[in-house]
Amino acid sequence: MLTLLIFITGCWDQDNLKDARLANASAYDLTSEGMLLQTLEVVDDSQSNQGKSTNEIHSGTGHSVRQSTDKIRAKVTGDIRLFKYGVILYGTSLARKDLYPYLDVLYREPDHPTSHVKVAIIDGLAGEIIDQKGIGNLLIGEFITKKIRSLEEMCMFPEMTLETLPPPMLDPGQDFVLPYLSKEGEDIRARGIALFHEQKFTGSLSNEQGVLYVLMTGKWKNTARFVKRIHPGSVGDCKTSLRIRLTFRISNVALK
């Protein structure tokens, strides 16, 4: 009977998702007083079976990520859990200071997902993008995640997640890059890739330069496209103007 107890005992540690509030996107900015401003998109999937999902936008300030998160938890019902395919956005004011202190706490949380979570830098305030709530039929967090993944397939962004970010970030002999986005009216535009040195945002490359960067790193996807004018002149004048469109379709089998 004692031997059978080993196989019939239940799980002693349970974490019911029905009691949690899923956060699909989070944004971090610095206020004028130097406080951390966190903006969070909380998704309600109770009507997902009907093809509808709603979201709520909450924000909180604090001296650390945990303090700002606790203030948001006081506003919503249930515990907050980041979706495993979510996205984390950082404003340029925070990224220029130092990115690692605002990432370290996420790795220390045992239930915080990392393997599929995307990270991006926003030109200006990252919270303003989350406040938009949605674009078209997609909620804002889902839209940004799909946008980053599609641009990774086109080699405009290097493939990077919260899990793969620490090795190059903590390596003193290697710098890292992240997707660089901006909000223009109601649209979210890709500005290229954000450059970092010693965990601080120092500059950016354009979309065209970003494609070349990804190709030179050797960590490309299936297709890379860019257009380059090789002769000056009017765009409509075929005699004096010529543009070349380069499309790289890379096969892993061919490379081997």
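Where residues in segment 113-146 are out of contact with any Leu (no Cβ under 8 Å at 6 or more places or on another chain), in a helix (DSSP H, G or I) and not hydroxyl-bearing (Ser, Thr, Tyr), which of them is surrounded by the fewest Cβ atoms within 10 Å (Cβ to Cβ)? So the residue we want is GLU128.
Scanning segment 152-162 for residues that are surrounded by fewer than 21 Cβ atoms within 10 Å (Cβ to Cβ) and either over 12 Å from the mean Cα position of the chain (by Cα) or of a type in the set (Lys, Arg) (or both) gives GLU153, MET154.
For SER93, the stated conditions hold: it is touching a residue at least 24 places away in the same chain (Cβ under 8 Å) and over 16 Å from the mean Cα position of the chain (by Cα). In segment 191-206, the residues that are assigned to a loop (DSSP other than H, G, I, E, B) form Cβ pairs under 9 Å with partners that are loosely packed, with under 13 Cβ neighbours inside 10 Å and not charged (D, E, K, R), at six or more places apart or across chains, as follows: GLU198/PRO172; GLN199/LEU170. Within segment 57-78, at least one residue is surrounded by 16 or more Cβ atoms within 10 Å (Cβ to Cβ), touching a Pro at 6+ places or on another chain (Cβ under 9 Å) and modelled with pLDDT of 80 or more. Within segment 99-128, the set of residues being under 15 Å from GLU41 (Cβ atoms) and under 12 Å from the mean Cα position of the chain (by Cα) comprises VAL117, LYS118, ALA120, ILE122, ALA126.
When every residue of segment 41-57 is checked against the conditions, at least one turns out to be under 15 Å from the mean Cα position of the chain (by Cα) and outside any loop (DSSP other than H, G, I, E, B).
When segment 207-224 is examined, which residues are found to be under 30 Å from ASN137 (Cβ atoms) and surrounded by 14 or more Cβ atoms within 10 Å (Cβ to Cβ)?
Residues of segment 207-224 that are under 30 Å from ASN137 (Cβ atoms), as a first pass: 207, 210-211, 214, 221-224.
Residues satisfying the conditions are ASN207, GLY210, VAL211, VAL214, LYS221, ALA224.
Which members of segment 147-171 meet the condition of being charged (D, E, K, R) and over 19 Å from HIS197 (Cβ atoms)?
Within segment 147-171, the subset charged (D, E, K, R) is 147, 149, 152-153, 159, 163, 171.
Of everything in segment 147-171, those that are charged (D, E, K, R) and over 19 Å from HIS197 (Cβ atoms) turn out to be LYS147, ARG149, GLU152, GLU153, GLU159, GLU163.
One residue stands out in segment 79-112 among those that are open to solvent by 50 Å² or more (accessible area, probe 1.4 Å) and part of a loop (DSSP other than H, G, I, E, B): the one that is farthest from PRO167 (Cα to Cα), namely ASP111.
The values are calculated or read from the model by the stated rules, or taken from the named source; none is laboratory data. Model, not experiment: these values are computed from the prediction. Don't worry about glycine lacking a Cβ; one is built from the backbone with ideal geometry, like all the others, and counts go over all protein chains shown. We work out accessible area using only protein heavy atoms, side chains counted, and drop any ligands, DNA or RNA first. Shrake-Rupley method; radii C 1.70, N 1.55, O 1.52, S 1.80 Å.
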